[in-house]
Each structure stands twice: as C-alpha cells, then as structure tokens.
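A quick write-up on the structure given underneath.
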Amino acid sequence: MKYLSSEKFLIKMLLKKLSELSILKICLKISRIFYNNNFSNISILILKILEKISLNNFYIQVEFSQVYKKIKDSKNLIKTYDKAISFTKGHQKNEIIFMALSDSYNFLKNKKLYDKYFNLLYPKIIKKNKNLFPIVIKFSVNDILNIDKDIHSYRKLNPYNSYSYHGHHNIYQSEHDIFKKKKFKNYSTHLKTKYIEKIFFKILKYKSNVKFKKMWFVVTKKSGSMKRHNHPDGHFSGVFYYRVPKVKASGFLKIYNPMKNINLFEVKGNTILKNKFTSSDLVLKPKKNDVFLFSSFLMHSVDNGEDINIDRISVPFDFILM
Ligand SMILES: [Fe+2]
C-alpha cells in the first residue's frame, strides 16, 4: 500500500515537473549539463545567446552566477550579481542580493563586498547593529507545548510531500508552512513572543516584531544527515530541538565560519554571555529544548553519527525582523 502511494506521488511530481518546463528552462538545463561536466565555455556561450533573446532575465543571470562561481571567476560573478540586482524587483531582488551576500561571505570571503550586500539586504535596525553580525544565539525553552500527536497525525496524512526527495538522507521533513496550521500556531506564537522577540529586544535594544517566513519539522532517523546549505528566506534562521536522543554523537549542528567573525550569544535567564568565535567551524551539540538562532546566510550542516537510537525531532524556522 505504502509502495503504491510512493509510486503515485512520483508520477504526480514527474507530471508537474514536465508541465513546468519551458523552452528557456530546457536551455538552462542544457547549459547546466555543460558546466557540470566542465564545459563552462559552451555553457557561457549558450547563456549569452539566451541573454540576447531574453534581456534582463532573472533565471539566466542566476545560471551565469553558477557558472562563474564554478570556474572561480569572481570578477564576472560580481558583475552578474550587480546586473541582476539592477533590474530585478521584490522577491527576486531579495533572492539575488542574498546570493551575492552569501557568496561574498562564504565563497569570496571579501569584507568590502560582504558589507555592500549586507547594507542592501537588511532593514535599518540590523544595519545599525552590523557589528553584532554574523550572529549565533543559543538559549533553552522551559515550557514548550506538546506536539507529539500533531506531528504523528501530520505524518500519517502527508507521508510524501515536496521535500520527500530533496537529497537529504534518512530524513522526513514537513511542508514549510506549519506556523500557519491551526495545530502548530499556538506553539509558534509562544516561541516567538515569549522567547525570540524578548531576546532580540535585549540584544538590539529595539522592539522588533518577528515574522515567520517558514517553519517545518524534521524527523531524523538513524544516521540521517543534512548537507551544507543556508536559508535564503529569512534574516535569521533557527532550530528548536524538540526531541533529542541521549547519545554521544547525535545531530551536531556545524556552522561554518569562513571569515572567523561569528558573534556567539548564550542566553541564560536574564544574562547574556557574548563571545567572538574565531575558529573555522562552530559545532553546536543540542540538548532537548535548546534553540539555536543564526544569521540566515551562514552555511551549516548536520551529521547524526551512527549511534542514534530514537528519531530526533527538530523544528527549524526562518524569520525576518520587522
Ligand atoms: Fe538548515
């Protein structure tokens, strides 16, 4: 029965993908095949022809950026980002500025460019406190609501979803909108008003409203892992550890620190300890009820080790400060 639902889901996904394919997307996919196989010159030629046909196209510029990144052509990479920033609007503009910021910080490690895109991406209150970024904040919750039943019924109703084949190993992810669902709403509001907003008020000395953009839950089975990534949809991202197996090597969160400048805040009751973290990787070992918040452009990964005995449940989220 389970096998049949999986097959049906795959067919549905395949039909959806086919209907989404336009000629431009097919050409971009062909270009990607070339640069993935080290024929970047052919890829650049295809993209230049496409650019002549479809001037000021977001997707073409994104593809250009991937090629230039692959061949480590930083001059053209930055030119591409600046060009795309000049003609995009709304969500696409934010997306491209985020990519430029992420590459300046994680890939080029260029302070001047990092500053430039940081100022373009963030609202006043974050720009004003720029010396606090990139930021990682650790705290624990002591009164979180029980969501066992809700997670169980959600999984039963949605055994497969658009994140089922996302390339992460041995992991179930819900859709990324659970903060909008009635069953999880109390829980997300509680986390936001009782903890996150208060902590940001203490650190930034400014009353900001937190607006969730995404929230989901992740059930990690034995040896599950999550490859290196960052989160383009928020100013900040976080993860709440709802259930953590009591074993030595379970689900360390590794946050990469390429420019060796992470500000690490540990909130304990009314006190906040601040440290500058200057080593290359910050490895955080979560306990039940811990929350880690971090600048969304920081790259991070999760590796569970082999000795996990029960499923680990975490609730990641992305949010912006208003
Ligand atoms: Fe993540």
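The values are calculated or read from the model by the stated rules, or taken from the named source; none is laboratory data. Everything numeric in this text was worked out from a predicted model, so none of it was measured. Please note: Cβ atoms are built from the backbone with ideal geometry, for glycine as well, and neighbour counts cover all protein chains shown.
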Close pairs from segment 54-72: first under 15 Å from residue 100 (Cα atoms), partner part of a loop (DSSP other than H, G, I, E, B), Cβ under 6 Å, at least 6 apart: 58/88
For residue 139, are the conditions met, namely being surrounded by fewer than 13 Cβ atoms within 10 Å (Cβ to Cβ), away from the ligand (no atom under 16 Å from the Cβ) and in the same structural domain as residue 260 (by TED's automatic domain parsing)? no
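Kindly indicate which of 289, 304 is more than 30 Å from residue 182 (Cα to Cα) and either at pLDDT 90 or above or assigned by TED's automatic domain parsing to the domain that holds residue 172 (or both). First the steps, then the outcome.
Working: 289 fails: more than 30 Å from residue 182 (Cα to Cα).
Sole residue among the options that is more than 30 Å from residue 182 (Cα to Cα) and either at pLDDT 90 or above or assigned by TED's automatic domain parsing to the domain that holds residue 172 (or both): 304.
Among the residues in segment 258-278, are any crowded, with 21+ Cβ neighbours inside 10 Å and modelled with pLDDT of 95 or more? Before the answer, list the steps.
So the first thing to find is which residues in segment 258-278 are crowded, with 21+ Cβ neighbours inside 10 Å, and the list is 262.
Narrowing the set further to residues that are modelled with pLDDT of 95 or more leaves 262.
Yes, segment 258-278 contains at least one residue that is crowded, with 21+ Cβ neighbours inside 10 Å and modelled with pLDDT of 95 or more.
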Would you tally the residues in segment 15-27 being part of a helix (DSSP H, G or I) and either acidic (Asp, Glu) or modelled with pLDDT of 75 or more (or both)? 6
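Going residue by residue through segment 160-172, is there one that turns out to be more than 20 Å from the chain's Cα centre (by Cα) and in the same structural domain as residue 314 (by TED's automatic domain parsing)?
Narrowing segment 160-172 to residues more than 20 Å from the chain's Cα centre (by Cα): 160.
Right, trim to in the same structural domain as residue 314 (by TED's automatic domain parsing) and you get 160.
Yes, there is a match, as at least one residue in segment 160-172 is more than 20 Å from the chain's Cα centre (by Cα) and in the same structural domain as residue 314 (by TED's automatic domain parsing).
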Where residues in segment 227-241 are within 9 Å of the ligand (Cβ to nearest atom) and not in a strand (DSSP E or B), which of them is nearest to the chain's Cα centre (by Cα)? 231
Would you mind finding the one in 187, 172 that is within 16 Å of the ligand (Cβ to nearest atom), farther than 29 Å from residue 101 by Cβ and surrounded by 21 or more Cβ atoms within 10 Å (Cβ to Cβ)? 172
Identify, by number, the condition in (1) away from the ligand (no atom under 16 Å from the Cβ); (2) touching a Lys or Arg at 6+ places or on another chain (Cβ under 7 Å); (3) under 17 Å from residue 126 (Cα atoms) that residue 200 doesn't meet. (2)
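When only residues in segment 86-136 that are in a loop (DSSP other than H, G, I, E, B) and among the polar types (S, T, N, Q) count, which is farthest from residue 234 (Cα to Cα)?
Applying the filter and picking the extreme gives 110.
Within segment 214-221, identify whether any single residue is more than 20 Å from the chain's Cα centre (by Cα) and either assigned by TED's automatic domain parsing to the domain that holds residue 317 or surrounded by 18 or more Cβ atoms within 10 Å (Cβ to Cβ) (or both), and answer yes or no. Give the steps one after another, and end with the answer.
Looking only at segment 214-221, we keep the residues that are more than 20 Å from the chain's Cα centre (by Cα), and these are 221.
Restricting the remaining residues to those that are either assigned by TED's automatic domain parsing to the domain that holds residue 317 or surrounded by 18 or more Cβ atoms within 10 Å (Cβ to Cβ) (or both) gives 221.
Looking for residues that are more than 20 Å from the chain's Cα centre (by Cα) and either assigned by TED's automatic domain parsing to the domain that holds residue 317 or surrounded by 18 or more Cβ atoms within 10 Å (Cβ to Cβ) (or both), one finds at least one in segment 214-221, hence yes.
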From the list 76, 131, 94, exactly one residue is closer than 18 Å to residue 263 by Cα and surrounded by fewer than 21 Cβ atoms within 10 Å (Cβ to Cβ). Which is it? 131
Of all residues in segment 205-220 being away from the ligand (no atom under 13 Å from the Cβ) and in contact with an Asp or Glu (Cβ under 6 Å, 6 or more places away or on another chain), which is farthest from residue 316 (Cα to Cα)? 210
Filtering segment 50-66 down to residues that are surrounded by 13 or more Cβ atoms within 10 Å (Cβ to Cβ) and of a type in the set (A, V, I, L, M, F, W, C), which residue is farthest from residue 82 (Cα to Cα)? 50
Pick from segment 246-257 the residues that are surrounded by 19 or more Cβ atoms within 10 Å (Cβ to Cβ) and part of a loop (DSSP other than H, G, I, E, B): which of them is nearest to the ligand (Cβ to nearest atom)? 251
Do you know which residues across segment 101-114 are among the small types (Gly, Ala, Ser) and over 15 Å from the mean Cα position of the chain (by Cα)? 104
